[in-house]
């Protein structure tokens, strides 16, 4: 099942922030289903999954979101657009809901999970509302990292969208009061043959600048 | 080069937060070199790479970090430990340094990158010191996501370490005043044959709870 390190690095080098997508090329539905599963499999702290992933199929909504994304053409031209939204809170209900799910999937009695529940509650109690949302938002970046890597491995191009108005996204997606807020977005599809960024050398600092041993 | 969606999902299902590592099994050095390269290839906003990845080889330091990690045994038992540290600031020097590197790698004259430089500077100017560090810290979670996914694909087990005292880590790693601060950590290696978590069913909310179409 495991792939070689050569194939891994080839996939990571294949990946780049695609600016021009081929608007005629759609991700096949079976492939998209796997991408959704990979999103759902994203690890998160305590397993809480403090997120909802919104797949925007509506061309009208994508047009509005493009305006809230500095007009970046890939918002409408890529095959798929996912908005990664973070839970704005971390309540006892959130914790109970996760413990109930864990109990169900693992066949563990809920009372055997009381210790874990207490640890999460104690941790949650150390954070104010802003800290909870910030913490949840960081978890969404794990999802973004896994999504871009997973897509590259199956030959799908992506472009993360961080330069967006998250407030406008929340407005357009009617998220106010939903308990979720836009963290970041990502488009997926296939690079256009004439995306000049596709052939540029990948630019990173030398490894010795970013990796140290001690 | 691309792998099948079946192989991708098998790797994501193979991955779990490994609690018990086999302390006798080390990641071979060629494999570790590839993991370092995959870390260095992590995408980041504007390409700024606001990070340093510290690979902790010293058993003495790992012992101290274990204490700062609620005594979690995997901190010393896993083959490798990486501390992901985030730049605490975003200065004009940081931006200039990145623009210089981009110019060098892509063979673009620096003056042709003045527009990009200005966009990053303007963006940076919208953030206070705390917001800059928070933004940089989120980027580290992209690295964490990519690291865990990449490792799983090549058959390496990981455990993210978020429940750590980042202040103690900074102290132990002598990061005060370095311009970098601990964001999160991750251990990598091979699961122990008797890690009971390895065979538990993977627990996630049903996909329809976390993924919506609109």
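The values are calculated or read from the model by the stated rules, or taken from the named source; none is laboratory data. All values derive from a computational prediction rather than experimental measurement. Heads up, the Cβs are rebuilt from the backbone with ideal geometry, glycines too, and the neighbour counts pull from every protein chain shown.
Based on what the data block shows, is residue B:212 outside any loop (DSSP other than H, G, I, E, B), outside the structural domain of residue B:37 (by TED's automatic domain parsing) and under 20 Å from residue A:44 (Cβ atoms)?
On the way: outside any loop (DSSP other than H, G, I, E, B): yes; outside the structural domain of residue B:37 (by TED's automatic domain parsing): yes; under 20 Å from residue A:44 (Cβ atoms): yes.
Yes.
A quick yes/no check of all residues on (1) more than 22 Å from the chain's Cα centre (by Cα); (2) under 16 Å from residue A:53 (Cβ atoms); (3) surrounded by fewer than 16 Cβ atoms within 10 Å (Cβ to Cβ):
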position	(1), (2), (3)
A:115	yes, no, yes
A:119	yes, no, yes
A:132	no, no, no
A:141	no, yes, no
A:148	no, yes, no
A:156	no, yes, no
A:191	no, no, no
A:196	yes, no, yes
What are the residues in segment B:176-201 that are in a loop (DSSP other than H, G, I, E, B), within 11 Å of chain A (Cβ to nearest Cβ) and modelled with pLDDT of 95 or more, if any?
B:178
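For segment B:1-105, please list each of the helices (runs of 4 or more DSSP H) lying entirely inside it that holds at least 3 residues being assigned by TED's automatic domain parsing to the domain that holds residue B:156.
On the way: elements: B:5-14, B:29-40, B:59-67, B:74-77.
Helices (runs of 4 or more DSSP H) meeting the threshold: B:29-40, B:59-67, B:74-77.
Kindly evaluate residue A:25 against the criterion of being in contact with a helix residue (DSSP H, G or I) (Cβ under 9 Å, 6 or more places away or on another chain) and over 25 Å from residue B:150 (Cβ atoms).
Working: in contact with a helix residue (DSSP H, G or I) (Cβ under 9 Å, 6 or more places away or on another chain): no; over 25 Å from residue B:150 (Cβ atoms): yes.
So residue A:25 fails the test.
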From the residues in segment B:43-69 that are within 10 Å of another protein chain (Cβ to nearest Cβ) and out of contact with any strand residue (DSSP E or B) (no Cβ under 7 Å at 6 or more places or on another chain), which one is farthest from residue B:90 (Cα to Cα)?
B:58
From B:40, B:100, B:152, grab the single residue that is within 11 Å of another protein chain (Cβ to nearest Cβ) and in contact (Cβ under 8 Å) with a residue 24 or more places away in the chain.
B:152
